[in-house]
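The values are calculated or read from the model by the stated rules, or taken from the named source; none is laboratory data. Please read all numbers here as calculations on a predicted model, not as lab measurements. Here the Cβ positions follow ideal geometry from the backbone for every residue, glycine too, while neighbour counts run over all protein chains shown. Side chains included, ligands, DNA and RNA excluded: accessible areas come from the protein's heavy atoms. Shrake-Rupley method; radii C 1.70, N 1.55, O 1.52, S 1.80 Å.
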Amino acid sequence: MKRIPIIAGNWKMYKNRDEALEFIYQVNDKLPESSNVETVICASAIYLRDLVKRQGDNLRIGAQNMHYLDEGAYTGEVSAEMLKNIGVSYVVLGHSERRAYYNETDETVNLKTKKAIAEGLVPIVCVGEELEVREKGTTNKVVGKQVELAYKDISKEDALNTVVAYEPVWAIGTGKTATKEQANETIIAVRKVLEKLYDLETADKIRILYGGSVKPDNIKDLLSMSDIDGALVGGASLVADSFLKLAEAADK
């Protein structure tokens with residue numbers, strides 16, 4: 001079946017407010033129709049409201065993280081309800097940098113995914129392996145376990161409102177990219193795990209993105225593969241022209 005591709009830009013800790021707004025003004029009127037390509041910018045929490053207020057018809061704004069509790073004494077955290085209240089549509093969960101630097105676990109990713117779904121946000125659930133895992137040939141086992149734990153106790157109906165992003169840790173910000181065959185092979189394995197958890201139809205409907213040094217010059221090759229439904233993009237999403245080229249490539 002045809003799955004609408006998603007190009008999601010993850011800005012990480014880049015851009016001040018002026019730069020962020022300039023970017024939005026540059027891309028708003030040039031992006032493909034949302035019925036053909038879903039384009040998302042995931043920005044720092046401090047700018048989300050400003051960006052939501054200025055997003056065009058074919059652009060949506062996402063957050064880079066959130067807490068799994070509704071409220072409490074958690075200084076510096078942001079809840080799903082807070083994001084929803086200001087009009088955020090997507091949220092990145094379990095990014096490899098969050099796992100590596102802030103002790104994010106498969107269990108907390110699961111809790112956050114459930115909370116995002118409950119608040120009507122679309123979670124972009126990140127999974128991926130370190131280089132040593134790839135070299136040992138255990139990528140599918142490790143990534144498959146991440147998927148199983150992330151989707152623990154999530155119903156089929158709720159799973160359909162999620163997106164998975166496969167991002168090999170060794171290919172993030174390194175200039176290295178998994179070959180299109182490697183990326184597709186692992187994404188097929190992820191889809192098989194989802195099929196095991198739910199059923200073939202559900203697994204086929206859930207969109208799975210590739211993330212890892214995606215650029216305008218390799219996006220077409222990646223999207224030409226059978227199971228790659230879009231991209232979670234880092235550095236290449238920081239420049240308006242580059243982001244537009246990524247979105248255009250997905251507009252088949």
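Computed from point charges on the beta carbon alone (+1 for Lys and Arg, -1 for Asp and Glu), the dipole magnitude for the stretch 1-141 about its Cα centre is near 280 Debye.
Pairs with C-alpha atoms separated by more than 23 Å, drawn from the list Lys53/Lys156; Lys141/Lys252; Lys30/Lys53; Lys115/Lys156; Lys180/Lys215; Lys84/Lys115, are Lys53/Lys156; Lys141/Lys252. The overall shape of the stretch 67-212, judged from the alpha-carbon gyration tensor, is oblate: a/c is not under 1.5, and a/b is no greater than b/c. Counting only protein heavy atoms and a 1.4 Å probe, the chain has 47 square angstrom of accessible area per residue. Principal axis extents of the C-alpha atoms in the chain (largest first, rounded to whole Å): 45, 45, 33. Other residues within the sphere of radius under 9 Å centred on the Cβ of Ala80, judged by their own Cβ, net out at 0 (K and R +1, D and E -1). Each listed q (0.20, 0.25, 0.29 Å⁻¹) maps to a log10 I(q)/I(0) for the stretch 13-55, found by the Debye formula over equal Cα scatterers with no solvent: -0.64, -0.92, -1.12. Estimated from helices alone, the mean residue ellipticity of the chain at 222 nm is -11500 deg cm²/dmol (sum of -39500 (n - 2.57) over DSSP H runs with n ≥ 4, per residue).
Springs between Cα atoms under 10 Å define the GNM used for the chain, and in it the highest mean-square fluctuation of Met82, Met13, Met66 occurs at Met13. Summing charges over neighbours of Glu119, with a neighbour being any other residue whose Cβ is under 13 Å away from its Cβ, gives 0 when K and R count +1 and D and E count -1.
Rounded to the nearest 20 debye, the dipole magnitude of the stretch 81-206 is 80 debye, with +1 charges on Lys and Arg beta carbons, -1 on Asp and Glu beta carbons, and the Cα centre as origin.
Under DSSP H, which helices of the chain have Cα atoms covering 20 Å or more of the helix axis and a Kyte-Doolittle average no less than -0.5?
Result, helices passing both filters: 180-197.
Would you tally the net charge around Glu71, using a Cβ to Cβ cut-off of less than 14 Å, leaving Glu71 out, and scoring K and R as +1, D and E as -1? Result for the neighbourhood of Glu71: -2.
Largest mean-square fluctuation among Ile24, Ile86, Ile124, in a Gaussian network model of the chain whose springs join Cα atoms under 10 Å apart, belongs to Ile86.
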